[in-house]
Amino acid sequence: MSRQRPGKAPLPPAEVNIEKLENVINEGNYYGAQQMYKSISARYVSAQRHSEALDILHSGACLQLKNSQVTCGSELAVIFVETLVKAKVPYDDDVLDRIRKIYKTFPQIPLPQDLGEDDDMQQLNEALGAAKTRVECCLSFLKAAIKWSAEFGAHRNGSPEIHFMLAEYVYSESPELDMTRVSYHFVRGNNPKKFASTIVNFMGKCYPGEEDLAIARAILMYLSMGNLRDANFLMDELKKHAQYKEHDLPQSDLIQFINYLLPTLQRDALPLFNMLRTNYKSSIDREPAFNELLDEIAELFYGVQRRNPLQGMFGDIFQMMG
């Protein structure tokens, strides 16, 4: 009589492992749970049971993050996105909601204020380090999600909703604020009204001379994507905020240039466009990337071909933010 070769035990329904792993988390064994989440979900992937692997990873990411285990939670969140790619899961509202749920569980912890003593400075340094880790971890997850969304059915630049999440988190949580990165994702997002209020908030706490750069950068980024509608909307919103005395718009040559540029682009007026660039050259040159953005705008709106092979350098830098 032939003997059957022992095989691997069949995998139980995902809910069984989700409950078991939740108990490990509740016992405070975060590292042990992490290794189990990774190994168990990998077994479901190997068995082509991707949906259950995604359920396990999603549960683990949310639980670890709710328990402030940012590194563990974000690692599972990234594996969740990698599994979406392996399973070729199409972009839709249901998956977007799952990504949003993970995003919402990333901790948002205000930095301590008014510190002065040595012990307090040590506390501040530790808080700054933790904040950097949170931002880097959230960025890794959301950038992976943007890449997946672009490949599997969202806008070619990636999901506007996920871009908005990224911009929002970087602005609110980053200890070293990079408004260029924030703007890059806001203009690929779907909430120009929130972008306007974010710029107003930034203007209330930035260094003198940065206000008009932030406004011009935002407008030019929108225009370099051919998005004249949201560029105009953003400027109108900023003017509304100024009317209600929330923050005055800067009265600078750069803002004057933007105010002239927007109506110019609504017309077939390449000579006027070129004249504006010449007349306001010193203001435009305050940020090197502005000239490349304007070259992209000239190409999009007036069909002007760029000739300099070095052009595109700053565009490549922007792409690294995506």
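The values are calculated or read from the model by the stated rules, or taken from the named source; none is laboratory data. This one's a predicted model, so the numbers in the text were calculated from it and none came from an experiment. Cβ placement follows ideal geometry from the backbone for every residue including glycine, while neighbour counts extend to all protein chains displayed.
Tabulated results
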read-out	value
Residue in region 105-120 that is part of a helix (DSSP H, G or I) and modelled with pLDDT of 95 or more present	yes
Pick from region 166-190, criterion of a type in the set (Asp, Glu) and within 22 Å of Arg286 (Cα to Cα), ranking: modelled with the highest pLDDT	Asp178
Only listed residue being modelled with pLDDT of 95 or more and part of a helix (DSSP H, G or I), chosen from Ala150, Ala127, Ala131	Ala150
Qualifying residue in region 147-162 (condition: farther than 27 Å from Thr83 by Cα and either surrounded by fewer than 15 Cβ atoms within 10 Å (Cβ to Cβ) or touching a helix residue (DSSP H, G or I) at 6+ places or on another chain (Cβ under 9 Å) (or both))	no
Qualifying positions in region 147-187 - without any contact (Cβ under 8 Å) to a residue 60 or more places away in the chain and within 10 Å of the chain's Cα centre (by Cα)	Pro160, His163, Phe164, Leu166, Ala167, Glu168, Val170, Tyr171, Val182, Ser183, Phe186
Region 191-238 - residue that is of a type outside the set (A, V, I, L, M), modelled with pLDDT of 95 or more and in a loop (DSSP other than H, G, I, E, B) and, of those, surrounded by the fewest Cβ atoms within 10 Å (Cβ to Cβ)	Gly226
Cβ pairs under 8 Å, 6+ apart, first in region 276-296 and touching a residue at least 24 places away in the same chain (Cβ under 8 Å) and surrounded by 14 or more Cβ atoms within 10 Å (Cβ to Cβ), second in a helix (DSSP H, G or I) and of a type in the set (Phe, Trp, Tyr)	Tyr280/Phe257; Ser283/Phe257; Ile284/Phe257; Ile284/Phe290; Ala289/Phe314; Ala289/Phe318; Leu293/Phe314
Close pairs (8 angstrom Cβ cut-off, 6 or more residues apart or separate chains): farther than 12 Å from Asn279 by Cα in region 247-262, in a loop (DSSP other than H, G, I, E, B) and small (Gly, Ala, Ser) anywhere	His247/Gly204
Ile79, sole failed condition from (1) surrounded by 15 or more Cβ atoms within 10 Å (Cβ to Cβ); (2) β-branched (Val, Ile, Thr); (3) in contact with a Phe, Trp or Tyr (Cβ under 7 Å, 6 or more places away or on another chain)	(3)
